[in-house]
2 protein chains.
Amino acid sequence: MHRHEGHDACHAGTGDMLARAEGLCRERGLQFTPLRRDVLEAVAEAGKAQGAYDIAERLSVPGKRVAPVSVYRALDFLMEQGLVHRIASRNAFIPCTHGHAPGEGVIFLICRTCGGVDEASSEEVEGSLGRTLERAGFTPTHSILEVEGDCGACRDRKPAP
Amino acid sequence: MHRHEGHDACHAGTGDMLARAEGLCRERGLQFTPLRRDVLEAVAEAGKAQGAYDIAERLSVPGKRVAPVSVYRALDFLMEQGLVHRIASRNAFIPCTHGHAPGEGVIFLICRTCGGVDEASSEEVEGSLGRTLERAGFTPTHSILEVEGDCGACRDRKPAP
DNA sequence: GGCGGCGGTGATACACTGTAACAAACCCGC
DNA sequence: GCGGGTTTGTTACAGTGTATCACCGCCGCC
């Protein structure tokens with residue numbers, strides 16, 4: 001999903017993403033180093049969720065190896081800043097294309113065909129989940145909601161298997 | 001959670017769980033082998049989510065080692081039969097204490113203090129999530145919803161940190 | 001009885017995911 | 001320039017999960 005051309009109004013391009021990240025780091029007095037930039041770019045360009053080792057390989061060139069541990073550190077940083085998300089069910093990472101309100105829950109829509117991951121949010125889901133948790137006497141600190149299935153583009157592409 | 005005595009009406013004991021599993025396998029013409037029984041028992045007795053290697057260690061005795069790969073196979077079987085669940089955010093497994101309707105979504109409530117995992121379900125959440133997905137043009141096949149926080153018992157135990 | 005298939009298990013090896021620990025490089029203010 | 005914090009490189013290792021092959025036990029069949 002999102003790889004069909006002519007439909008990119010729903011997320012900023014890689015360039016915009018990098019510019020946004022740089023501005024955000026400057027605002028917060030943090031360093032947007034070359035490694036962090038490269039990792040974010042690799043995640044943003046991939047079009048699907050990337051494992052840390054995929055990113056490390058993608059960033060490595062014959063003379064210059066990027067170790068997975070460096071990628072993990074960059075990803076930790078980028079996640080703290082809300083620039084990338086981790087997909088727990090895949091052990092993989094995607095760029096944040098959504099611009100979230102603070103504390104807002106995110107729903108990840110993972111296409112099993114194209115591997116793309118879209119973000120959604122819903123106050124309705126948020127609200128009903130909150131009520132359910134309260135009824136259960138549970139105080140949430142963090143929640144993950146990941147849905148696997150077929151995105152619209154892939155469903156249209158092969159309508160009747 | 002669930003480890004406070006005097007409050008176990010909310011889930012069946014380990015014995016009931018094993019009996020239910022055996023009956024269910026007989027019904028379906030499947031083998032409830034000793035290994036599968038032991039793995040299910042280990043998961044059920046633990047009181048919190050167990051990693052596959054934890055289970056392997058727990059089942060190993062000086063003369064008789066149970067390899068993790070065997071545990072994984074047993075867990076795969078038990079998951080297919082709906083007897084255990086996998087907690088993606090923890091890479092760990094819990095017994096199913098809930099008796100789900102087929103296709104029904106489950107919400108996992110993971111206590112960050114005691115490590116216990118409770119199951120909940122909510123038609124309200126289910127419905128609002130379904131509407132959100134439809135609005136996004138996404139056809140779901142499977143979804144995971146895991147919430148981390150403090151369960152009631154742990155919150156009561158230390159009211160003002 | 002013998003034979004072959006089939007599912008389950010054991011065992012080894014390996015790939016993937018993630019973290020700990022320490023050293024070196026870098027940056028920035030003083 | 002110097003000291004201190006942050007970032008990165010490097011190595012090693014722990015944890016998670018899968019592939020492969022051999023073996024066993026069982027059941028049906030000839």
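Quick look at the numbers
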| quantity | calculated |
| --- | --- |
| Scope segment B:119-130; condition open to solvent by 40 Å² or more (accessible area, probe 1.4 Å) and within 7 Å of chain A (Cβ to nearest Cβ); matching residues | B:Glu124 |
| Among (1) in a helix (DSSP H, G or I); (2) open to solvent by less than 30 Å² (accessible area, probe 1.4 Å), the one test that B:Glu134 misses | (2) |
| Subset of segment B:80-95 [surrounded by 14 or more Cβ atoms within 10 Å (Cβ to Cβ) and within 14 Å of chain A (Cβ to nearest Cβ)] | B:His85, B:Arg86, B:Ile87, B:Ala88, B:Ser89, B:Arg90, B:Ala92 |
| Among the candidates A:Ser122, A:Ser128, residue that is closer than 18 Å to B:Ala136 by Cβ, among the hydroxyl-bearing types (Ser, Thr, Tyr) and at pLDDT 95 or above | A:Ser128 |
| Given (1) within 16 Å of DNA strand D (Cβ to nearest atom); (2) touching a helix residue (DSSP H, G or I) at 6+ places or on another chain (Cβ under 8 Å); (3) polar (S, T, N, Q), number of the condition B:Ser89 does not satisfy | (2) |
| Test: B:Arg73 is within 14 Å of DNA strand D (Cβ to nearest atom), touching a helix residue (DSSP H, G or I) at 6+ places or on another chain (Cβ under 7 Å), on the phi < 0 side of the Ramachandran plot and open to solvent by 50 Å² or more (accessible area, probe 1.4 Å) | no |
| Close pairs (7 angstrom Cβ cut-off, 6 or more residues apart or separate chains): of a type in the set (Ser, Thr, Tyr) in segment B:67-89, crowded, with 19+ Cβ neighbours inside 10 Å anywhere | B:Tyr72/B:Ala52; B:Ser89/A:Ile144; B:Ser89/B:Glu146 |
| Test: A:Glu146 is open to solvent by less than 50 Å² (accessible area, probe 1.4 Å) and charged (D, E, K, R) | yes |
| A:Asp156 farther than 15 Å from A:Gly47 by Cβ, surrounded by fewer than 21 Cβ atoms within 10 Å (Cβ to Cβ) and within 16 Å of DNA strand C (Cβ to nearest atom) | no |
| Positions within segment A:139-161 being assigned to a helix (DSSP H, G or I) and within 10 Å of chain B (Cβ to nearest Cβ), in sequence order | A:Gly152, A:Ala153, A:Cys154, A:Arg155, A:Asp156 |
| So A:Phe108, is it buried (at least 18 other Cβ atoms within 10 Å of the Cβ), among the aromatic types (Phe, Trp, Tyr) and within 12 Å of DNA strand D (Cβ to nearest atom) | no |
| Qualifying residues in segment A:30-58 (those that are β-branched (Val, Ile, Thr) and over 12 Å from the mean Cα position of the chain (by Cα)) - the one nearest to DNA strand D (Cβ to nearest atom) | A:Thr33 |
| B:Val66 surrounded by 13 or more Cβ atoms within 10 Å (Cβ to Cβ) and out of contact with any strand residue (DSSP E or B) (no Cβ under 7 Å at 6 or more places or on another chain) | yes |
| Residues of segment A:56-102 classified as outside any loop (DSSP other than H, G, I, E, B) and more than 26 Å from B:Asn91 (Cα to Cα), total | 4 |
| Meets criteria (facing another protein chain (nearest Cβ under 7 Å) and over 23 Å from A:Ala21 (Cα atoms)) for A:Ala136 | yes |
| Test: A:Leu40 is more than 16 Å from DNA strand C (Cβ to nearest atom), modelled with pLDDT of 90 or more, open to solvent by less than 50 Å² (accessible area, probe 1.4 Å) and aliphatic (A, V, I, L, M) | yes |
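The values are calculated or read from the model by the stated rules, or taken from the named source; none is laboratory data. Fair warning: this is a prediction, and the values are worked out from it, not measured in the lab. Quick reminder, even Gly has a Cβ in these numbers, built from the backbone with ideal geometry, and neighbours come from all protein chains shown. Only protein heavy atoms, including side chains, enter the accessible area calculation; ligands, DNA and RNA are left aside. Shrake-Rupley method; radii C 1.70, N 1.55, O 1.52, S 1.80 Å.
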